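Asks: So that we are looking at the same thing, I have put the structure below in C-alpha cells.
Only the coordinates and a few stated rules stand behind these numbers; no lab work does. Every value quoted in this text rests on a predicted model; they were computed, and no experiment measured them. Please note: Cβ atoms are built from the backbone with ideal geometry, for glycine as well, and neighbour counts cover all protein chains shown.
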Amino acid sequence: MEIVSSMQRYYEKRAPMYDRSMGYDDPVVRAALQPVIERMQDLLRGRKVLEIACGPCFWSSQVSQAVQSITATDYNRATLAMARRKPLDWNKITLVAADAYHLPVQPATFDACVAVDWFSHVPRSRIASFLSELHDRLRGGGVVVLCDRLPHAHESLSDFDEEGNHLQQRLLPDGSTYHIIKHFFTDTEYIDMFSAYATAVATEHFPHCRRVLVWYQLDDTVK
Ligand SMILES: C[S@@+](CC[C@H](N)C(=O)[O-])C[C@H]1O[C@@H](n2cnc3c(N)ncnc32)[C@H](O)[C@@H]1O
C-alpha cells in the first residue's frame, strides 16, 4: 500500500527530531507521562517483551527496568541509529530492524508485546493479519499492551479513505509532506477488535497527557 510506504518514509526522515518533537526531552512532558509509564511497567514486569515500532526507544528505556528483556523492533534503521546513541540498558534491550507486517522472529518466543503510537497507523485492511502474525510470536497467556493518542477534545475527524482509515497530512521542516493513517479508536472499537483473542480487554484513559492504554492477555487456545 502506498500509504504504508509513505509512513515508513515519513518516520525515517523524522527520526533525528522525533524525541524532541514529541517532548520526550522535556521534564514536564515526561512527568505527565509518568502514570502511563508506571502502568506499562506493571503490565510488562518480569516479561520477555517484543516491542513493535520502537522508534528511538523512548518507551523501551522507560520500561526496561521492569522487564526481563525487550527486543525493540522498527522498520527504519534511522530510528534505531538514534536509539543506539543513548545510554540505555543494553543488557536488556536488543535492537532489530523489522517490518511489523513480516516479523523476523520465531513463533512463541515472547510473553508480551508493547507498541506505542503504532496501532493507530495500521490500515484497517491489515489489522487482522498484523494481529495474527503478532500473536503467533507470543506464547499462550502473553500480554499485548498498546498505547496511542486520544483525540483533542473538539478534534474533528473528517478525512477518511475508502477503507475507513482516518488520514492526516504531516509536514516536516524541510517542507516535505506525507499522508499518514491516524486512527482514534473508541474503547468499544478496541474491545470489539481484540475480544476474539482474549477474554478480557482493558482500556484506561490518561486525559492529562492525551493517552489511552489498551491491554489484553491472549487466551491459551486462541491466537
Ligand atoms: C509514531 S512513531 C512511534 C515510535 C515509538 N514507538 C515512540 O512512541 O516513540 C511510529 C514508528 O513506526 C515505525 N514504522 C513505520 N512503519 C513501520 C513498519 N511497517 N514496521 C515497523 N515499524 C514501522 C516508524 O519508523 C516509527 O519509528
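Asks: With unit charges on the beta carbon (Lys/Arg positive, Asp/Glu negative), name the residue among His166, Met82, Trp215 whose Cα is farthest towards the positive pole of the charge dipole of the chain.
Replies: Among His166, Met82, Trp215, the one farthest towards the positive end of the dipole of the chain is Met82.
Asks: Mind telling me which of Asp148, Asp161, Asp42 comes out most flexible in a GNM of the chain, alpha-carbon contacts under 10 Å?
Replies: Asp161
Asks: Quick check for me: using +1 on Lys/Arg Cβ and -1 on Asp/Glu Cβ, what's the dipole size of the chain about its Cα centre, in debye to the nearest 20?
Replies: Magnitude of the dipole: close to 800 debye.
Asks: In the stretch 146-223, what GluC sites (Glu not before Pro) fall in a loop by DSSP, with at most 13 other Cβ atoms inside 10 Å?
Replies: Glu155, Glu162, Glu163
Asks: Between rounded, prolate and oblate, where does the stretch 1-118 land on the alpha carbon gyration tensor, with a ≥ b ≥ c its root eigenvalues, rounded for a/c under 1.5, else prolate if a/b exceeds b/c?
Replies: Oblate is the answer for the stretch 1-118, as a/c is 1.5 or above yet b/c matches or exceeds a/b.
Asks: Here's another thing I want to ask about it. Step through the residues of the stretch 127-139 one at a time and calculate ³J(HN,Hα) from phi using the Karplus curve (6.51 cos²θ - 1.76 cosθ + 1.60, θ = phi - 60°), rounding each to whole Hz and writing x for Gly and Pro.
Replies: 4, 5, 6, 4, 5, 5, 5, 5, 4, 4, 7, 9, 7
Asks: Collect residues whose amide H, placed 1.01 Å from N in the peptide plane, falls under 5 Å from the amide H of Ala108; neighbours closer than 5 in sequence don't count.
Replies: When sequence neighbours closer than 5 places are left aside, the close amide H contacts are Arg137, Leu138.
Asks: Going by how many other beta carbons lie within 10 Å of each one, how would you line up Thr199, Thr109, fewest first? All intermediate terms of the calculation are to be shown ahead of the outcome.
Replies: Working: Thr199 10, Thr109 15.
Final ranking by Cβ density, sparse to dense: Thr199, Thr109.
Asks: Let me ask you something else. Could you identify which residue out of Ser158, Ser132, Ser69 has the top mean-square fluctuation in a GNM of the chain using Cα springs shorter than 10 Å?
Replies: Taking springs between Cα atoms under 10 Å, the residue moving most is Ser158.
Asks: Using alpha carbons only, how many angstrom separate the centre of the stretch 13-47 from the centre of the stretch 67-135?
Replies: The distance from the Cα centre of the stretch 13-47 to that of the stretch 67-135 comes to 16 Å.
Asks: I've got another one for you. Out of residues 5 or more away from Arg211 or on other chains, whose amide H comes under 5 Å of its own, with H placed 1.01 Å from N in the peptide plane?
Replies: The list, which skips near neighbours in sequence, is Leu150, Phe206.
Asks: OK, next. Scan around Glu51 for amide H atoms under 5 Å from its own, H built in the peptide plane at 1.01 Å from N, and keep only partners 5 or more places away or cross-chain.
Replies: The answer is Thr71, Ala72, Thr73, Val114.
Asks: Relative contact order for the chain: what percent, with Cα pairs under 8 Å and sequence separation of 6 or more? It would help to have the intermediate numbers written out before the result.
Replies: Values: 397 pairs, mean separation 42.9, N = 223.
Once normalised by length, the contact order is 19 percent.
Asks: May I ask you to compute the full-extension gain from Arg30 to His152, defined as 0.36 nm times their residue separation minus their alpha-carbon distance, rounded to one decimal in nm? Before the final figure, lay out the partial values.
Replies: Numbers: separation 122, 0.36 × 122 = 43.92 nm, distance 1.91 nm.
42.0 nm is the gain from fully extending Arg30 to His152.
Asks: Oh, and also: Could you compute the net charge surrounding Asp111? Neighbours are other residues with a C-beta less than 10 Å from the C-beta of Asp111; K and R count +1, D and E count -1. Write out the running numbers ahead of the final one.
Replies: Values: positive: Arg47, Lys48, Arg139; negative: none.
With Lys, Arg at +1 and Asp, Glu at -1, the neighbours total +3.
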